[in-house]
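Notes to accompany the following structure.
The values are calculated or read from the model by the stated rules, or taken from the named source; none is laboratory data. Keep in mind that what you see is a predicted model, and the values were worked out from it rather than measured. Note: ideal-geometry Cβ built from the backbone for every residue, glycine included; neighbour counts use all protein chains shown. Protein only, heavy atoms only, side chains kept; ligands, DNA and RNA dropped before computing areas. Shrake-Rupley method; radii C 1.70, N 1.55, O 1.52, S 1.80 Å.
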Amino acid sequence: MAATLTNPLRVGLRQERVIPPQCLIVFGASGDLTHRKLIPALFELFLQRRLSSEFAVLGCARRPWSDEIFRQTMAERLQPAIAAHPQSWEQFSQGLFYEPVDLQQPEHLVRLAQRLEQVDRQRATRGERTFYLSVSPAFYGSGARALAGAGLLADRQRSRLVIEKPFGTDYASAQQLNRVVRSCGQENQIFRIDHYLGKETVQNIMVLRFANSIFEPLWNRNHISSVQITAAETVGVEQRASYYEQSGALKDMVQNHLTQMLALTAMEPPGRFEPESIRNEKAKVLQAAHLASPEQPWTCCVRGQYGSGGTAERPMASYRHEPGVDPHSTTETYVAVKLFIDNWRWQGVPFYLRTGKHLAKRLSEVTLTFRDAPVRLFDAAAGGVSANQFVIRIQPNEGATFRFEVKAPGSGMRSRPISMNFSYDDSFGEPSDEGYVRLLADAMLGDPTLFTRSDEVEAAWRLYTPILEGLKQSPDKFPAYPYEAGTWGPAESDELLARDGLLWRRP
Ligand code: BG6
């Protein structure tokens with residue numbers, strides 16, 4: 001929650017734009033996301049004084065709650081985080097309202113429209129509205145249609161629609177959903193969320209690349225030999241089996257979060273720092289990307305599934321023994337893929353992406369490995385010569401590390417690798433805002449820079465279509481190799497790199 005500015009490096013940092021008066025309408029208000037992410041993010045914005053006093057949140061779901069029950073439920077679920085700011089919460093919660101709504105019932109939409117007008121008068125929110133679909137993905141299309149049908153998206157300047165992930169379940173369904181939402185409003189009214197783009201360090205990829213002159217000349221196939229993008233989690237599937245069983249790691253993490261990191265790492269510099277320039281470059285690079293072997297996708301994709309593991313104190317059940325999981329499930333909880341990007345900058349450079357649940361460590365990072373020095377003049381001290389690497393740490397311990405060779409102390413002339421480290425914590429001394437704080441604020445401000453445009457989403461799905469199709473047609477070619485929970489995934493994933501003479505980075 002908002003901290004005071006004591007570190008000189010932070011002076012002047014809180015200059016973010018104030019969000020103009022408006023009402024945020026959350027569909028799925030009784031669900032997890034609302035109390036885990038959305039209301040805390042709004043409260044944080046309130047504490048940072050970025051929410052105008054003329055704001056309202058209208059929670060909508062099928063439950064017959066009242067405003068008071070909604071406020072109380074949020075207060076209970078947000079404890080103890082709000083305990084430090086009781087008065088602020090009191091003020092903030094006066095802006096929370098609730099309306100029972102089933103988006104499939106036309107008469108509910110009529111009532112909703114009336115309630116919104118009432119809220120506008122009560123809170124002076126002036127018809128500025130951000131609709132947030134935090135409902136089951138199966139209802140994104142019909143939800144958008146219902147809102148448009150009730151005329152609630154008609155004001156192109158003052159109404160926006162935020163759609164949670166997953167946006168589609170494959171290329172065809174993403175195209176179809178795009179057609180539906182585009183028939184309901186204009187592209188600049190649609191905000192497709194990928195919460196990774198709300199992470200400070202993911203945005204930092206662009207700043208590192210385009211605010212410095214030292215990186216860009218090296219950021220290409222002439223100097224970089226391979227790129228790894230990892231999002232490793234220590235948690236298992238938790239209580240989400242019903243969703244995850246249908247999804248698996250490729251759809252849950254790779255198509256969206258890892259592919260967004262790939263796009264930011266690999267894109268060309270935008271002409272200007274404005275939404276369409278950036279999104280054009282991201283879409284372009286994704287359109288140039290392809291699986292290393294689209295005709296034989298099983299050779300460039302390794303799937304895994306966690307077995308039991310952990311320690312006596314913290315045992316971990318195997319995926320198939322998690323509540324709600326089919327005991328014969330072949331859903332992957334780990335996946336690694338190899339891609340190439342056919343453009344002038346990256347031709348021939350392999351990009352390896354991997355993600356998994358119940359892995360050895362929680363970490364997300366991008367690692368660029370540079371080509372070897374053309375001539376080796378010095379012997380290596382113990383440990384051997386390592387290629388230069390630049391690692392952008394997305395989380396935790398946000399920052400970046402540069403690894404290079406220096407002279408090992410002593411009378412000889414041997415080299416050894418060292419790491420030069422930048423850490424957000426050490427430099428700025430304050431944790432970054434949660435991704436949702438940034439994304440909600442941007443959506444309410446109408447700034448789409450950090451949201452995925454329709455062509456980006458489609459390009460990202462198209463990239464993995466050979467795997468998704470292959471899985472349907474010849475599942476035997478894509479076994480989910482077992483791995484022990486708490487390790488780095490199946491050995492077959494190491495082989496994917498070993499074939500190219502490489503290793504996954506083990507932080
Ligand atoms: C979500 C996935 O999008 O991202 C989850 O559905 C995953 O399965 C989560 O755990 C990871 O997000 P973060 O921010 O914890 O890396």
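Give me the pairs, please: first residue somewhere in region 351-364 and under 15 Å from Ile392 (Cα atoms), second residue anywhere and among the acidic types (Asp, Glu) and open to solvent by 10 Å² or more (accessible area, probe 1.4 Å), beta-carbon distance under 7 Å, and either six or more positions apart or on two chains.
Arg362/Glu233
Report, ordered by the first and then the second residue, all pairs with beta carbons closer than 6 Å, sequence separation of six or more or different chains, a first member in region 239-250 that is closer than 14 Å to Arg320 by Cα, and a second member that is more than 11 Å from the ligand (Cβ to nearest atom).
Ala241/Glu322; Ala241/Gly324; Ala241/Val325; Ser242/Gly324; Glu245/Thr331; Gly248/Thr331; Gly248/Glu332
Would you mind listing the strands (runs of 3 or more DSSP E) fully within region 279-358 where at least 1 residues are farther than 22 Å from Asp455 by Cα and open to solvent by less than 70 Å² (accessible area, probe 1.4 Å)?
301-310, 334-341, 351-356
When Phe139 is evaluated against the numbered criteria (1) of a type in the set (Phe, Trp, Tyr); (2) touching a helix residue (DSSP H, G or I) at 6+ places or on another chain (Cβ under 8 Å); (3) part of a helix (DSSP H, G or I); (4) open to solvent by 10 Å² or more (accessible area, probe 1.4 Å), which criterion, by number, is the only one it fails?
Against the list (1) of a type in the set (Phe, Trp, Tyr); (2) touching a helix residue (DSSP H, G or I) at 6+ places or on another chain (Cβ under 8 Å); (3) part of a helix (DSSP H, G or I); (4) open to solvent by 10 Å² or more (accessible area, probe 1.4 Å), Phe139 comes up short only on (2).
Looking at region 223-232, which of the residues that are assigned to a strand (DSSP E or B) and either over 24 Å from Pro315 (Cβ atoms) or open to solvent by 10 Å² or more (accessible area, probe 1.4 Å) (or both) is farthest from the ligand (Cβ to nearest atom)?
Ser225
Val235 fails exactly one of the following numbered conditions: (1) crowded, with 17+ Cβ neighbours inside 10 Å; (2) within 12 Å of the ligand (Cβ to nearest atom). What is the number of that condition?
(1)
Got at least one residue in region 88-105 being open to solvent by 30 Å² or more (accessible area, probe 1.4 Å), assigned to a loop (DSSP other than H, G, I, E, B) and either in contact with a strand residue (DSSP E or B) (Cβ under 8 Å, 6 or more places away or on another chain) or more than 30 Å from Ser242 (Cα to Cα) (or both)?
yes
I'd like the residue in region 238-253 that is assigned to a loop (DSSP other than H, G, I, E, B) and not basic (Lys, Arg) and, out of all such residues, is farthest from the ligand (Cβ to nearest atom).
Filtering region 238-253 for residues that are assigned to a loop (DSSP other than H, G, I, E, B) and not basic (Lys, Arg), the one farthest from the ligand (Cβ to nearest atom) comes out as Gln239.
Within region 457-467, can one find any residue that is over 21 Å from the mean Cα position of the chain (by Cα) and open to solvent by 30 Å² or more (accessible area, probe 1.4 Å)?
Yes, there is a match, as at least one residue in region 457-467 is over 21 Å from the mean Cα position of the chain (by Cα) and open to solvent by 30 Å² or more (accessible area, probe 1.4 Å).
Of the residues that make up region 188-196, is at least one at negative phi, open to solvent by 10 Å² or more (accessible area, probe 1.4 Å) and more than 16 Å from the ligand (Cβ to nearest atom)?
Yes, region 188-196 has at least one match.
Checking Pro275 against (1) over 23 Å from Ala443 (Cα atoms); (2) at pLDDT below 95; (3) open to solvent by less than 50 Å² (accessible area, probe 1.4 Å), which test does it fail?
Failing condition for Pro275: (1).
If I go through region 197-222 residue by residue, how many of them are within 16 Å of the ligand (Cβ to nearest atom) and either open to solvent by less than 30 Å² (accessible area, probe 1.4 Å) or part of a helix (DSSP H, G or I) (or both)?
Qualifying residue count, region 197-222: 8.
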